[in-house]
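Have a look at the structure below before the remarks.
None of the figures in this text is laboratory data; all of them are computed from the coordinates on show. What you see is a predicted model, and the numbers here were worked out from it, not measured in a lab. Cβ placement follows ideal geometry from the backbone for every residue including glycine, while neighbour counts extend to all protein chains displayed.
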Amino acid sequence: MTPFGEYCRYKRIQNCVSLKAQAAALSVSPSYLSSLELGKKNKPSKNLIHKIGNFYSLNLNELHELEQAARDSLTTVKIPENSKIQVYRLINRITKNPEIFSRSELDLIEVMINNKKPLKENIIST
C-alpha cells in the first residue's frame, strides 16, 4: 500500500463509505479506486485528488497531506542519470529486500532526508 492509498482507505473507512459509493461520487470505477488504495496504480491526477478532498470535505491542511501522500506514492521511480553510484546500489538493494530496515530505522532515514543533515547532527539535536 502506498501513502496515498493508505490515506484514502483510512478516510473511506473513517467515513463509513463503500468503495462503490465513493467511486460513483468521483466518476471513476471501483476497481480503479481499489488499485489506488492497494498501490497498484501510480498517483492520480490533481483533479481526482481535489475531488477526493471535496468528497471528504478536507480542510486545507488535510488536502496538503493528501497531495503530499500522492507525491510520495510513485510506484515506479526513475533515478537521475547523474546520481552517485551509492544511490543506485541502495535503491536496488531496498527494491530487492524492502524489509531491510526496521520501522525506527526508516523513521530516522526519513528525518535525515527531510532535514538534509548528517546523522550525527540529527541525533545531537533531538
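Points worth noting:
Quick grid of which residues meet (1) among the small types (Gly, Ala, Ser); (2) in contact with a Ser or Thr (Cβ under 6 Å, 6 or more places away or on another chain); (3) surrounded by 13 or more Cβ atoms within 10 Å (Cβ to Cβ); (4) closer than 20 Å to residue 75 by Cα:
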| residue | (1), (2), (3), (4) |
| --- | --- |
| 5 | yes, no, yes, yes |
| 16 | no, no, no, no |
| 34 | yes, no, yes, yes |
| 57 | yes, no, no, no |
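- Among the residues of the stretch 47-96, those that are free of Cβ contacts under 8 Å to residues at least 12 places away in the same chain and among the basic types (Lys, Arg) comprise 78, 84, 89, 93, 96.
Okay, residues lined up against (1) among the charged types (D, E, K, R); (2) under 17 Å from the mean Cα position of the chain (by Cα); (3) more than 14 Å from residue 70 (Cβ to Cβ):
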site: 5; (1), (2), (3): no, yes, no
site: 12; (1), (2), (3): yes, yes, yes
site: 18; (1), (2), (3): no, no, yes
site: 24; (1), (2), (3): no, no, yes
site: 27; (1), (2), (3): no, no, yes
site: 32; (1), (2), (3): no, yes, yes
site: 38; (1), (2), (3): no, yes, yes
